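One structure is given here, and the rest of the page talks about it.
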Amino acid sequence: MRVLQANLLTYRISSTLIDLPLTFRPIQDSSIALNKHFTQVVQTIAEDEKISLIGHSSGGLAIRYFISLLTDHSKLDRCVFIATPNQGTKLANMAEKWVKPIYSVFRTLDSLHTEHAVRIPQLHPAIEFGAIAGNKNNLLLGKLLQAENDGRIEISSVNMDGLKDFIVVPYGHKEIHYQTNTARLTSNFIHTGKFNHIEGEL
């Protein structure tokens, strides 16, 4: 099994870390870059091997866009979103309202607006998706959010219809993808389709 990771620490053999353009360009541009890497990896794997996708934050949104463009899903296995604003974040709404120059420069923010995030393609029914959210609000901007959050993204935004499994861990947005426990949970889901596997399943 091969794992493509969008903005995530490398923690497994046969994994590829992809640095997507997720700051100054729209999410759609990142999905094009991801497609290029995916196509290259598909050409190098065995016939019976599949690829799993793991994305942190807006990297998960890029994965959703990418999957919606695929015509053949036979080489794609499970996917994990880590602190991904699937429903958008109110911080992006605030940026549009109060700091328009920043909003216009950081183009990814537009896809994170709560009214725009709902336009992102929904989860493909043939693929198993899991999501990990954090609840450690240790960042200044997180104090502007009323709902429980990781300092950037509300827990309720990470969750969405179509997920096979969902879990909340005690980490902040900037640290969640560097935690050993997050890597363990992600590995569990990639192997079993559940974050907390039964002992002996792996």
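The values are calculated or read from the model by the stated rules, or taken from the named source; none is laboratory data. Just so we're clear, the structure is a prediction, and the values are computed from it rather than from any experiment. No Cβ is skipped: glycine too gets one built from the backbone with ideal geometry, and neighbour counts run over all protein chains shown. Only protein heavy atoms, including side chains, enter the accessible area calculation; ligands, DNA and RNA are left aside. Shrake-Rupley method; radii C 1.70, N 1.55, O 1.52, S 1.80 Å.
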Please state which of the following conditions T44 fails to meet, knowing it meets all the rest: (1) modelled with pLDDT of 80 or more; (2) within 16 Å of A183 (Cα to Cα); (3) not acidic (D, E).
(2)
Of everything in region 27-54, what is under 19 Å from A83 (Cα atoms), among the hydrophobic types (A, V, I, L, M, F, W, C) and assigned to a strand (DSSP E or B)? Give them in sequence order.
L53, I54
Residue, least open to solvent (accessible area, probe 1.4 Å), within region 71-86, restricted to residues that are more than 24 Å from T182 (Cβ to Cβ) and of a type in the set (S, T, Y)
S74
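When region 43-70 is examined, which residues are found to be over 17 Å from the mean Cα position of the chain (by Cα) and either open to solvent by less than 10 Å² (accessible area, probe 1.4 Å) or among the aliphatic types (A, V, I, L, M) (or both)?
Going residue by residue through region 43-70, those that are over 17 Å from the mean Cα position of the chain (by Cα) are 43-50, 70.
Scanning region 43-70 gives I45, A46, L70.
So that you can scan it fast, the table gives a plain yes or no per residue for (1) closer than 22 Å to F66 by Cβ; (2) not aliphatic (A, V, I, L, M):
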position	(1), (2)
L112	yes, no
A117	yes, no
I120	yes, no
E128	yes, yes
N138	no, yes
L141	no, no
L144	no, no
I153	yes, no
V158	yes, no
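On the basis of being within 30 Å of E115 (Cα to Cα), open to solvent by 30 Å² or more (accessible area, probe 1.4 Å) and of a type outside the set (D, E, K, R), does L163 make the cut? Walk me through it before giving the result.
On the way: within 30 Å of E115 (Cα to Cα): yes; open to solvent by 30 Å² or more (accessible area, probe 1.4 Å): yes; of a type outside the set (D, E, K, R): yes.
Answer is yes for this residue.
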Please identify the pairs in which a residue from region 172-188 that is in contact (Cβ under 8 Å) with a residue 12 or more places away in the chain and aliphatic (A, V, I, L, M) has its Cβ atom under 8 Å from the Cβ atom of a residue that is buried (at least 19 other Cβ atoms within 10 Å of the Cβ) and not in a loop (DSSP other than H, G, I, E, B), counting only partners at least 6 apart or on another chain.
I176/H56; I176/I82; I176/I132; I176/G134; I176/T182; L185/I132
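Collect the residues in region 69-84 that are modelled with pLDDT of 85 or more and either in a helix (DSSP H, G or I) or in contact with a helix residue (DSSP H, G or I) (Cβ under 9 Å, 6 or more places away or on another chain) (or both), keeping them in residue-number order. Spell out the reasoning first.
If we filter region 69-84 for residues that are modelled with pLDDT of 85 or more, which is where we start, we get 70-84.
Correct list: L70, H73, K75, L76, D77, R78, C79, V80, F81, I82, A83, T84.
Just one of T108, T89 is at pLDDT 70 or above, more than 26 Å from R184 (Cα to Cα) and either touching a helix residue (DSSP H, G or I) at 6+ places or on another chain (Cβ under 7 Å) or open to solvent by 60 Å² or more (accessible area, probe 1.4 Å) (or both); which is it? Can you show your working first?
Details: T108 fails: at pLDDT 70 or above.
Going through T108, T89 in turn, just one is at pLDDT 70 or above, more than 26 Å from R184 (Cα to Cα) and either touching a helix residue (DSSP H, G or I) at 6+ places or on another chain (Cβ under 7 Å) or open to solvent by 60 Å² or more (accessible area, probe 1.4 Å) (or both): T89.
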In this structure, is G151 surrounded by fewer than 16 Cβ atoms within 10 Å (Cβ to Cβ) and on the phi > 0 side of the Ramachandran plot?
no
